[in-house]
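K.L.:
Got a structure for you, written out below as structure tokens; questions coming shortly.
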Amino acid sequence: MKKSFYKWAVFMACIILLPNCLLAQKDKITVAIDGSGDYAKIQDAVNAVPAEKAERTVIFIKNGLYNTEKIIVPADKKRITFKGENREKTILSYHIFDCTGGLNNKCPAEDAAKWEGQNIRTSASVTIQGDEFRAENITFQNTAGPVGQALAVFITSDKNTFINCNFLGYQDTMLLGKDGTRSYFKNCMILGRTDYIYGGGIGYFDRCEIRSYGGGWITAPSTPKDQKYGFVFNKCKLTFIENSPRPKDDKQPFSLGRPWHNYPKVAWLNCEMPKELNPLGWPTTWRMDYASTSADLHLYEYNNKGEGANMDGRAKWEGLKAISAAEAKLYSIENVLNGSDKWMPSAK
């Protein structure tokens, strides 16, 4: 009796005090750009999720090009899923980039002026701060092109899962921006040219395509010295793409990475590496004099194949080496992502 009365009271409070309350209590919300869903804008759906909601909320996003929003999932919006109708047709896109001038060094200034606070901290089309975020069948992109830092996603939350997603950009496509936070990517495709997977977070890339324009670097890691893992690529396929927004890219090789800050850790395991990969792998220390001599950088390779997998021409750095089968076992999903809370991502 008391439980029924409570439900009735909540229902009446929603009717009287908050017109969107009934939507906010749902565990599934539909977004459709044509107005056929609960909301036409993704941010409105995110805002409708109650802060600190214990149950997962699935935001189902129908096909469409959602390119009028710079989206943020705030820290108090946990356990949210973005589920797209179709990976290639459900596209979350924007075009802000870092510049000298503009509005607070963001361009175009007139579009930067539309956003405030954490949502304009970076150029990212989508900013994810709420823990246990999940995305399936979504394309995240930044269309600014070869003009400077232009993120598709900026991730500072922990225990994130991305399944069958695309991440499209040119420079700095994906920032895992908080040390120690964990993100799992399966069957995803990440496209870029310059430092397009970067930061101090932990990222496990499982059977993903890592698609590069020429002339740049896939990773720019900044792993803390006491953090055991940084970026791990397992059974991934590295590919080279021509018709870059900057034509001179097409005739240049790409590289595995360049160190950014701290003590970068990147492992490539069981991956396919094409002939367009720079044989050095890591061709520059990029203003980090100790990068080539410190054993605290862990730039590891194991059992890779393809014309680019031959390590004979790799840079002669102390921390760049092939590892053994026993060492490779330490880079299992469980070891990399479990943490003290024994988190294990689900692909389902």
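K.L.:
Please go through the residue pairs Lys28/Lys53; Lys186/Lys342; Lys237/Lys342 and name each one whose alpha carbons sit more than 22 Å apart in this structure.
P.N.:
Numbers: Lys28/Lys53 13 Å; Lys186/Lys342 19 Å; Lys237/Lys342 28 Å.
Over 22 Å apart, Cα to Cα: Lys237/Lys342.
K.L.:
Please report Val147, Val336 as a ranked list, fewest other C-beta atoms within 10 angstrom at the top and most at the bottom.
P.N.:
On the way: Val147 14, Val336 21.
In order of increasing Cβ crowding within 10 Å: Val147, Val336.
K.L.:
Given a 10 angstrom Cα cut-off, can you work out which residue in Gly35, Gly117, Gly281 is the most mobile in a GNM of the chain?
P.N.:
Per the Cα network of the chain with a 10 Å cutoff, Gly117 tops the list.
K.L.:
Multiply the residue gap between Glu334 and Ala40 by 0.36 nm, knock off their C-alpha separation, and tell me the result in nm, one decimal place.
P.N.:
102.0 nm
K.L.:
Now for a separate question. Pull out the extension gain between Ala54 and Trp343, defined as 0.36 nm times the separation in residues minus the alpha carbon to alpha carbon distance; nm, one decimal.
P.N.:
102.4 nm
K.L.:
Note the angle between two axes, namely the Cα long axis of helix 2-17 and the longest principal axis of the Cα atoms of the chain, as a number of degrees from 0 to 90, rounded to the nearest 10.
P.N.:
On a 0 to 90 degree scale, this one is about 90.
K.L.:
Quick check on the chain: helices-only [θ] at 222 nm, where DSSP H runs of length 4 and up contribute -39,500 (n - 2.57) each and the sum goes over total residues. Nearest 500, please.
P.N.:
That comes out to -3000 deg cm²/dmol.
Since every read-out is calculated from the coordinates, none of them should be taken as a lab result. Only a predicted model underlies this, so the values are computations on that prediction, with no experimental measurement involved. Reconstructed Cβ throughout: ideal geometry from the backbone, glycine too, with neighbour counts over all protein chains shown.
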